[in-house]
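The values are calculated or read from the model by the stated rules, or taken from the named source; none is laboratory data. Small disclaimer: the values here were computed from a predicted structure and weren't measured. A quick note on method: Cβ atoms are made from the backbone with ideal geometry, for glycine too, and the neighbour counts reach across all protein chains shown.
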Ligand SMILES: [Zn+2]
């Protein structure tokens, strides 16, 4: 199950889906009732159904940068979904046995060919395939990759004593550390000429989005500063799991105002297929225009 591919100049982004749901991640956005969602008509048909149930997706995005002269090409996986075999509190997310890795490989991305894994933040649905279970042990899924995480993000979650988060760190983050594969980076790190991190704080303390620029074209991979396009119509609808809802609302307003009318493709980390579009002003707020 995949689909979704975009080109930004010389750069290609491919979406590999792990799970798609209608109504399933509603708990994230308490204000997104069916009535309120039905009022945002442009969400249909891609991002909501006619009953006002929101559509969401959990997917990874693979960024490919071609080699140029002496500079080698890059293959970067942004966010690694939920993963298989992991014990989780959410009954829909526990002990999964999905075909994600097969689908990734089937799309041409064998795990050993990935050079970089980028986690926009360290929530459960963004770190899962960092590791996989082999003979009872959690081992890195991408053995030849550097795993990049923002330092303030790691510092925050590694000192969090919530039992669920400790489990997530233990099975999906610490094993890649122990394998020596992690680089803790600034929230403004430049990955290569075409790709850099942009801090979009509030959802979590070290949350980053990914800016892609090539040949005069640009795109932004959101991460979770926005979970669903309904937050473009209601930037004040913070997610229940935002660590700082005031800051996350401010971030949404700033980024949306900045990108409204810009030719920057917005690629949503949890947006249902087609998962991408352009931000437009819509009165005092915004909307996503799908191509
Ligand atoms: Zn998140």
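Restricting attention to region 223-260 and to residues that are in contact (Cβ under 8 Å) with a residue 60 or more places away in the chain and in contact with a strand residue (DSSP E or B) (Cβ under 6 Å, 6 or more places away or on another chain), the residue that is surrounded by the fewest Cβ atoms within 10 Å (Cβ to Cβ) turns out to be 233. Of all residues in region 120-136, none that is within 17 Å of residue 90 (Cβ to Cβ) and touching a residue at least 24 places away in the same chain (Cβ under 8 Å) has its Cβ atom under 7 Å from the Cβ atom of a residue that is within 8 Å of the ligand (Cβ to nearest atom) and part of a strand (DSSP E or B), 6 or more apart or on another chain. The sole residue among 134, 117 that is over 19 Å from residue 165 (Cα atoms), more than 16 Å from the ligand (Cβ to nearest atom) and surrounded by 21 or more Cβ atoms within 10 Å (Cβ to Cβ) is 117. On inspection, residue 175 fails the criterion of being more than 19 Å from residue 6 (Cβ to Cβ), assigned to a loop (DSSP other than H, G, I, E, B), in contact (Cβ under 8 Å) with a residue 24 or more places away in the chain and away from the ligand (no atom under 16 Å from the Cβ). Looking at residue 198, is it within 15 Å of the chain's Cα centre (by Cα), within 14 Å of the ligand (Cβ to nearest atom) and at pLDDT 95 or above? It is false that residue 198 is within 15 Å of the chain's Cα centre (by Cα), within 14 Å of the ligand (Cβ to nearest atom) and at pLDDT 95 or above. Residue 153 satisfies every condition listed in (1) within 16 Å of the ligand (Cβ to nearest atom); (2) in contact with a strand residue (DSSP E or B) (Cβ under 6 Å, 6 or more places away or on another chain) except (2). Listed conditions (1) touching a strand residue (DSSP E or B) at 6+ places or on another chain (Cβ under 8 Å); (2) within 24 Å of residue 222 (Cα to Cα) are all met by residue 123, apart from (1).
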